[in-house]
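> Please find one structure pasted underneath; my questions will follow.
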Ligand code: PGA
């Protein structure tokens with residue numbers, strides 16, 4: 001197993017252009033010494049100025065969504081061709097907030113994953129259960145169902161490039177983190193599911209992140225789990241110091 005840890009910041013609808021540039025001015029000098037892969041995912045309008053700043057650095061850029069078509073009459077949408085022009089490296093797909101508020105479904109997630117891969121963007125596919133589903137003890141079947149549908153019709157070579165983020169919805173922005181054992185249990189099951197659907201060789205290469213109230217205080221314990229390869233960080237990625245202390249979890 002040789003997976004490079006990945007720490008991704010999902011800024012959601014936070015940080016305007018000025019705040020983005022201020023963040024990067026403070027974060028980039030420190031980020032030089034980091035030993036993990038780092039991605040920031042600002043709002044669409046900040047992607048161009050962020051890309052300018054990230055040139056010649058190891059920090060990667062990601063979008064928070066994309067449309068599955070290259071162009072067309074889709075008011076308000078952004079296409080994969082537009083994202084690679086910036087250039088973006090990653091794209092978050094199927095975040096629970098998009099599934100909840102913007103009618104994202106397993107089918108649209110699957111279409112977006114295929115499109116992202118076609119354009120050379122690495123998808124970060126989000127899956128996760130609600131509190132109600134956890135209480136009904138259907139977390140595993142729900143999450144593994146989301147994984148299977150997201151990967152429908154993909155080849156081994158494509159699946160190897162994908163990143164998953166397991167984000168229990170009840171842990172997002174609530175301060176409640178899944179215990180590292182709970183997170184490992186689900187993430188281990190996702191890896192096994194990918195092995196069953198494709199092969200152990202493929203599932204060994206797929207990076208699976210945990211997301212949901214990740215902070216400097218809990219990152220080490222999460223990263224100590226065998227199947228957790230990184231984190232998708234929301235609130236705690238908005239401040240350069242906090243994000244840096246998460247991304248440097250293995251250095252202090
Ligand atoms: P949080 O968000 O870290 O603020 O809980 C994570 C996410 O939604 O990706």
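Quick note: the coordinates plus some simple rules give every number you see, no bench work behind them. This structure is a prediction, so every number in the text was calculated from the model and none was measured. Counting neighbours? That spans all protein chains shown, and the Cβs are built from the backbone with ideal geometry, glycine included.
> Using a/c under 1.5 as the rounded threshold, could you call the stretch 1-44 rounded, prolate or oblate? The axes a ≥ b ≥ c are square roots of the C-alpha gyration tensor eigenvalues, and prolate needs a/b larger than b/c, oblate otherwise.
Cα axes put the stretch 1-44 in the oblate bin.
> So which residue, out of 16, 65, 110, gets the largest mean-square fluctuation from a GNM of the chain using Cα contacts under 10 Å as springs?
16
> Let me know the shape class of the stretch 145-201, please: from the alpha-carbon gyration tensor, a ≥ b ≥ c as square roots of the eigenvalues, rounded when a/c is under 1.5, otherwise prolate if a/b is greater than b/c, or oblate.
Prolate, since a/c reaches 1.5 and a/b exceeds b/c.
> For the peptides 228-234, 86-92, what is the packing order when you average, over each peptide's residues, the other Cβ atoms within 10 Å and list the highest mean first?
228-234, 86-92
> Taking just the C-alpha trace of the chain, give me its Rg and Dmax in Å.
Answer for the chain, Rg first and Dmax second: 16.9, 50 Å.
> Just report the Cα centroid separation between the stretch 232-252 and the stretch 33-104, whole Å.
Cα centroid to Cα centroid, the span is 19 Å.
> Here's another thing I want to ask about it. Picking from 241, 182, 204, which is most flexible by a Gaussian network model of the chain using Cα springs under 10 Å?
With Cα springs under 10 Å in the chain, the top fluctuation among 241, 182, 204 is at 182.
> In percent, how large is the relative contact order of the stretch 68-149, given Cα pairs closer than 8 Å and 6 or more residues apart?
So the answer I get is 31 percent.
> Take the alpha carbon gyration tensor of the stretch 84-234, find the square roots of its eigenvalues, order them as a ≥ b ≥ c, and report rounded if a/c is under 1.5; if not, report prolate when a/b exceeds b/c, else oblate.
Rounded, since a/c falls under 1.5.
> Follow-up question, since we're still on this one. Please sort 206-212, 76-82, 29-35, 183-189 by packing, taking for each peptide the average over its residues of neighbouring beta carbons within 10 angstrom, highest first.
206-212, 183-189, 76-82, 29-35
> Report, in deg cm²/dmol and to the nearest 500, the calculated mean residue ellipticity at 222 nm for the chain, where each DSSP H run with n ≥ 4 adds -39500 (n - 2.57) and the sum is divided by the residue count.
One gets -12000 deg cm²/dmol as the mean residue ellipticity at 222 nm.
> Over the chain, what is the mean sequence separation of C-alpha contacts under 8 Å (at least six apart), divided by residue count, expressed as relative contact order in percent?
Relative CO of the chain lands at 21 percent.
> Kindly state, to the nearest 0.05, the FRET efficiency for residue 55 paired with residue 204, given R0 = 41 Å and r defined as their beta-carbon distance.
0.80
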